[in-house]
Amino acid sequence: MGEQPNRMGSRETDWVEQAQRGDTGAFDRLVRENEAGVLRAISGILGRSPEVYDVYQDSLVSAFTKLRGFRQDSSFSTWLTRIAVNRALNQRRKTRNAREAPMELAEHLPADSRDAASNLEQSELRRSTERAMESLSERERAVFVLKHTHGYKLREIGVMLGCAEGTVKNYLFRATRKLRVVLEPAYRDL
Amino acid sequence: MTMKCTHDQDLLILLQADELSETEAASVRRQVESCEACREELDRLSHVASAVVPPAVDPDAVARARALAYTRIGSSWRVRSRVMSGRIADVLRRVRPMPELALGMLLVAVGYGIGSRGDTAPPPVAESQMVDVWDIEWDENLGQAVVRYDRPGTRSLSGDLSNREVAYLLQSALLEGDDNGIRNRALKTVQALASSGAPADDLSRAITELVRSEPQEALRLRAIWAMDALYESTELPEDARDALLVALTSDAGDGVRIAALNTLMAHQTFPDDARTLRQVMSSDNNPYVRSGAAETLQRMGIPLEELR
Ligand SMILES: [Zn+2]
């Protein structure tokens with residue numbers, strides 16, 4: 001094995017090797033180190049839904065099963081996130097009844113603008129953001145979330161989704177433009 | 001004269017996403033410095049990037065999902081680990097000259113079906129590295145269930161049925177434990193703890209499921225005992241009653257049929273049950289079951305003459 005691209009270095013390498021030999025304790029340490037990030041990716045794609053936990057559960061089982069094939073050519077976190085993202089995308093395709101909004105508008109607007117905008121306007125803005133997120137394709141949404149909440153490189157996202165970096169770039173452009181249009185009114189209020 | 005700006009939005013998106021090389025980024029930044037429209041656009045884009053966040057997750061649900069995943073993983077490893085670290089290692093020590101042969105034979109014997117020897121080697125695992133995910137048992141001194149995690153640094157957990165995690169782990173052990181031992185210990189624990197809390201629906205369903213479809217007779221029997229204990233002072237749920245009636249008429253184990261009958265007798269019977277009981281009374285091949293059925297029918301107020 002040549003380079004070690006993972007940030008955790010040899011500790012992670014050790015854990016992966018132990019887990020590959022069946023040490024579930026080492027697997028558990030790997031899982032917990034990466035739990036928050038993996039869940040953000042899943043809930044970013046699925047939204048506020050009980051399916052998030054099912055997908056997480058299935059992802060862990062699947063990861064443990066595939067672990068022997070993991071050659072550490074990426075960090076464990078990227079590898080696990082990739083499994084989870086693909087499961088979440090499949091799940092989303094299966095149950096496209098988007099009763100729940102996939103994302104929420106963060107309370108990022110400065111306090112005074114929130115005060116200025118009436119409750120009605122706020123809830124309308126929220127609804128339109130949710131609609132905009134719904135209008136993104138699964139992959140656009142996945143790319144946007146992996147980029148902006150995880151900080152993955154487009155190249156890494158391409159590996160996760162199994163598509164070329166150029167394609168990922170286009171997903172990012174499309175997602176950003178769609179959302180930008182919706183968020184325009186909120187911006188004007190600032 | 002300033003250079004005319006192309007207001008290239010794609011470049012701004014890439015700058016904002018930190019996807020430009022240093023030189024590209026520097027050049028786009030210069031462009032932004034000198035162009036009011038681009039500056040404003042970049043500001044909007046960072047607003048977009050931060051405006052959308054994945055919803056928060058429920059830590060309890062996450063812990064449950066993780067525990068359930070480990071149970072699924074563990075159930076495929078638990079048996080293997082016990083067998084490997086115990087019996088097989090033992091035998092290996094004794095038959096040092098032909099370890100592979102011994103290992104191959106034993107794995108076939110315990111059902112790991114290595115088809116032809118040498119096709120898939122068993123995992124080369126040192127004993128110390130075979131780790132059970134967790135195990136659960138009834139601790140008589142403590143009067144509680146004790147869950148032990150076979151992981152260094154993970155504290156064991158104890159509690160009764162009112163402890164959500166204990167109830168949940170019991171249910172997982174019943175439904176997912178591949179190993180008869182763990183299901184047996186879980187059933188014993190439920191039976192012992194039955195009075196400590198109202199049975200969670202999931203736990204009760206898991207036990208009903210065992211009464212219905214557990215292949216091991218001894219465990220079906222234990223499941224009925226656990227059910228009996230759980231509903232000692234309350235009515236049986238309909239599902240549980242149905243499972244008991246089916247066990248009474250069709251379980252191959254005499255002990256299981258007797259236990260099913262006893263549990264049914266201890267609870268309210270319904271007029272519809274009379275038909276099943278009549279059938280049992282006349283056709284069960286075990287005299288205790290037949291007389292138990294007759295007794296129940298009498299208690300239901302059906303005159304004996306009518307039964308003959
Ligand atoms: Zn410009």
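The values are calculated or read from the model by the stated rules, or taken from the named source; none is laboratory data. What you are looking at is a predicted structure, and each value in this text was computed from that prediction instead of being measured. With ideal geometry, Cβ positions are generated from the backbone for all residues, glycine too; neighbour counts draw on all protein chains shown. Each accessible area value is taken on the protein alone, full model and side chains, heavy atoms only, with ligands, DNA and RNA left out. Shrake-Rupley method; radii C 1.70, N 1.55, O 1.52, S 1.80 Å.
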### Query
Dipole size in debye (nearest 20) for region B:1-79 around its Cα centre, Lys and Arg Cβ +1, Asp and Glu Cβ -1?
660 debye
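Which percent of the accessible heavy-atom area of region A:10-94 goes to carbon and sulfur, probe 1.4 angstrom?
Reported share for carbon and sulfur atoms: 42 percent.
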## Note on the structure
Simple SL model, points at 7 angstrom along Cα→Cβ for B:Phe270 and B:Asn286; separation in nm is 2.5 nm
#### Entry: Summed buried accessible surface, chains B and A, 1.4 Å probe, nearest 100 Å²
4400 Å²
### Query
³J(HN,Hα) across region A:30-39 via Karplus (A = 6.51, B = -1.76, C = 1.60, θ = phi - 60°), whole Hz, x for Gly/Pro?
4, 4, 5, 4, 10, 4, 4, x, 4, 5
### Query
Each residue of region B:12-20 in turn: what ³J(HN,Hα) in whole Hz from Karplus with 6.51, -1.76, 1.60 and θ = phi - 60°, glycine and Pro shown as x?
5, 4, 5, 4, 5, 8, 6, 10, 10
### Message
With +1 assigned to the C-beta of every Lys and Arg and -1 to the C-beta of every Asp and Glu, and no other charges, what is the dipole magnitude of region A:10-94 about the Cα centre in debye, to the nearest 20?
### Response
380 debye
### Calculated from backbone phi, Karplus (6.51, -1.76, 1.60) coupling profile of region B:37-46 in Hz, x at Gly/Pro
4, 5, 4, 5, 5, 4, 4, 4, 5, 6
### Message
Need one value for A:40-48: mean number of C-beta atoms belonging to other chains within 10 Å of its residues' C-beta atoms.
### Response
3
## Note on the structure
In Å², rounded to a whole number, the accessible area per residue of region A:10-94 with probe 1.4 Å is 38 Å²
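Averaged across the residues of B:59-68, what count of C-beta atoms belonging to other chains lies within 10 Å of each residue's C-beta?
Details: counts 2, 1, 6, 8, 2, 3, 11, 8, 1, 7.
Per residue, the average neighbour count from other chains is 5.
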